[in-house]
Amino acid sequence: MAEILLKEVKVIEEISAKFKIDGKVQRERRVWVTIDKDNLIALCNFVKELGFEHLSAISVTDWPQEGRFELTYHLWSYSEKILLTIKTKIDRANPIVDSVVPVWQENAQIHEREFHELFGVEFEGNEDLAPLFLEDWDGPPPFRKDFDWREYTRQKYYNKENEREQAYYD
Amino acid sequence: MVEQATKMKRLINAIWIFNWFNSCGFTELFPLVGSRWDMERFGMIITGTPRHADVLFIAGYQTMKSIRRAQVIYEQMPDPKAVIALGACTMSGGMYWDSYNTVKRLTDYIPVNIYIPGCPPRPEAVFEACMKIFHHVGAVPPHGRKFAKAHSG
């Protein structure tokens, strides 16, 4: 398999020569790289020089049992035609991570703004983390797994005394 | 008062509609535009600006962010005006009854004249609602309905 996926393996080798990573060729044109959060920005700068100049998405996964948020950066290289996925885990109780806005500019800005709103992740270095979709939001970040949205909705919008809204409390 | 009613009836000879659609709400009115139901034969035309609109169509679930824009659009429409809510999600949140970010009672935010139930409503039901708008025009007070009166009606 390694013979066929030469360019994918080469990307991992180039990165692991400089950084301590856990790399894996997922399949053709898909590479996963896991790194600790302290070296994230250095790695991002490095892979951007390698040609991964398009940040197509950032996603956050909540792992409440583990007490961690997993941040995933999806990067596309137009020259190599490889989708590189950088994964890093941060503390759930203290979710602070360095912003990648200095690396990918506006490309990263809107994603970080969204995940600040939905998960409460602080991106240090991002200057505009104003609410994006939720105006006048007063609850906890809604995409966290421990957010009981049904109970929140009952308390905020419905009245248990109202006969016609009894069905919402069954 | 009778003069007032005739005057306003003259104002609404055709229903000019401004659409405020979220998500699948758009597909609910979509067949009406086509040739099979053809809403233009009843004088229903979709306008590009609320300043020209007589009727505001609200469809799809309304989020807390979008309902504010709907209120601004409603305020921009000239009197006499009417609001029609299409479909279950618009009226009560529908299948999104337990969502933290959707509107549960539309009348809390905007004065609604006619509700059209259904998911989605049949085109015939939309036509019937628009017929009722013509009858309703006579009952509209001279300066239109205001937000504060939304519950009393």
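Go through the stretch B:72-107 residue by residue and tally those that are in contact (Cβ under 8 Å) with a residue 40 or more places away in the chain and on the phi < 0 side of the Ramachandran plot. Show your work before the answer.
Step one: of the stretch B:72-107, the residues in contact (Cβ under 8 Å) with a residue 40 or more places away in the chain are B:73, B:77, B:79-82, B:84, B:86-87, B:89-90, B:102-103, B:106-107.
Pick out the ones that are also on the phi < 0 side of the Ramachandran plot and you get B:73, B:77, B:79-82, B:84, B:86, B:89-90, B:102-103, B:106-107.
Of the residues in that region, 14 qualify.
Take residue A:55 and tell me if it is surrounded by 18 or more Cβ atoms within 10 Å (Cβ to Cβ), closer than 20 Å to residue A:21 by Cβ, in contact with a Phe, Trp or Tyr (Cβ under 6 Å, 6 or more places away or on another chain) and modelled with pLDDT of 90 or more. Step through it out loud before you land on a result.
Details: surrounded by 18 or more Cβ atoms within 10 Å (Cβ to Cβ): yes; closer than 20 Å to residue A:21 by Cβ: yes; in contact with a Phe, Trp or Tyr (Cβ under 6 Å, 6 or more places away or on another chain): yes; modelled with pLDDT of 90 or more: yes.
Yes: the conditions hold for residue A:55.
Return the only residue of A:170, A:98 being among the acidic types (Asp, Glu), outside the structural domain of residue A:33 (by TED's automatic domain parsing) and farther than 30 Å from residue A:28 by Cα.
Working: A:98 fails: outside the structural domain of residue A:33 (by TED's automatic domain parsing).
None of the other options fit; the residue is A:170.
Looking at (1) within 14 Å of chain B (Cβ to nearest Cβ); (2) touching a residue at least 40 places away in the same chain (Cβ under 8 Å), which one does residue A:111 not meet, given that it meets all the others?
(1)
Restricted to the stretch B:93-115, and to residues that are assigned to a helix (DSSP H, G or I) and facing chain A (nearest Cβ under 10 Å), which residue is nearest to residue B:135 (Cα to Cα)? Full working, then the answer.
Start the filter on the stretch B:93-115 by keeping residues that are assigned to a helix (DSSP H, G or I), which leaves B:94-96, B:106-108.
Going one step further and asking which of them are facing chain A (nearest Cβ under 10 Å), we end up with B:96, B:108.
On the way: B:96: 33, B:108: 25 Å.
Looking at residues that are assigned to a helix (DSSP H, G or I) and facing chain A (nearest Cβ under 10 Å), I get B:108.
What residue, among those in the stretch B:13-55 that are closer than 30 Å to residue A:138 by Cα and buried (at least 21 other Cβ atoms within 10 Å of the Cβ), is modelled with the lowest pLDDT?
Per the stated criteria, the residue is B:25.
Please find, among A:71, A:43, the residue that is in contact with a strand residue (DSSP E or B) (Cβ under 8 Å, 6 or more places away or on another chain) and either more than 30 Å from residue A:141 (Cβ to Cβ) or outside any strand (DSSP E or B) (or both). Step through it out loud before you land on a result.
On the way: A:71 fails: either more than 30 Å from residue A:141 (Cβ to Cβ) or outside any strand (DSSP E or B) (or both).
Criteria check complete, one pass: A:43.
For the subset of the stretch A:151-170 comprising residues that are surrounded by 12 or more Cβ atoms within 10 Å (Cβ to Cβ) and at the interface with chain B (Cβ under 10 Å from one of its Cβ atoms), which member is farthest from residue A:41 (Cα to Cα)?
For the stretch A:151-170, the residue satisfying everything is A:165.
Tally time: how many residues in the stretch B:41-87 are within 14 Å of another protein chain (Cβ to nearest Cβ) and in a strand (DSSP E or B)?
At the first step, the residues of the stretch B:41-87 found to be within 14 Å of another protein chain (Cβ to nearest Cβ) are B:61-72.
Retained after the next criterion (residues that are in a strand (DSSP E or B)): B:63.
Residues flagged as within 14 Å of another protein chain (Cβ to nearest Cβ) and in a strand (DSSP E or B) within the stretch B:41-87 amount to 1.
Among the residues of the stretch A:46-65, count how many are part of a strand (DSSP E or B) and of a type in the set (Asp, Glu). Write out each step before concluding.
Going through the stretch A:46-65, the residues part of a strand (DSSP E or B) turn out to be A:54-63.
Still in the list and also of a type in the set (Asp, Glu): A:62.
Qualifying residue count for the region: 1.
In the stretch A:116-150, which residue that is touching a Lys or Arg at 6+ places or on another chain (Cβ under 7 Å) and within 11 Å of another protein chain (Cβ to nearest Cβ) is surrounded by the fewest Cβ atoms within 10 Å (Cβ to Cβ)?
A:135
Please find, within the stretch A:15-40, the residue that is surrounded by the fewest Cβ atoms within 10 Å (Cβ to Cβ) out of those that are polar (S, T, N, Q) and either assigned to a helix (DSSP H, G or I) or under 17 Å from the mean Cα position of the chain (by Cα) (or both). Talk me through it step by step, then tell me what you get.
Pass one, the stretch A:15-40, residues polar (S, T, N, Q): A:16, A:26, A:34, A:39.
After this cut, where a residue has to be either assigned to a helix (DSSP H, G or I) or under 17 Å from the mean Cα position of the chain (by Cα) (or both) as well, the list is A:16, A:34, A:39.
Numbers: A:16: 13, A:34: 15, A:39: 15.
Within the stretch A:15-40, the match that is surrounded by the fewest Cβ atoms within 10 Å (Cβ to Cβ) is A:16.
The values are calculated or read from the model by the stated rules, or taken from the named source; none is laboratory data. Everything numeric in this text was worked out from a predicted model, so none of it was measured. Virtual Cβ from ideal backbone geometry, glycine too; neighbours counted across all protein chains shown.
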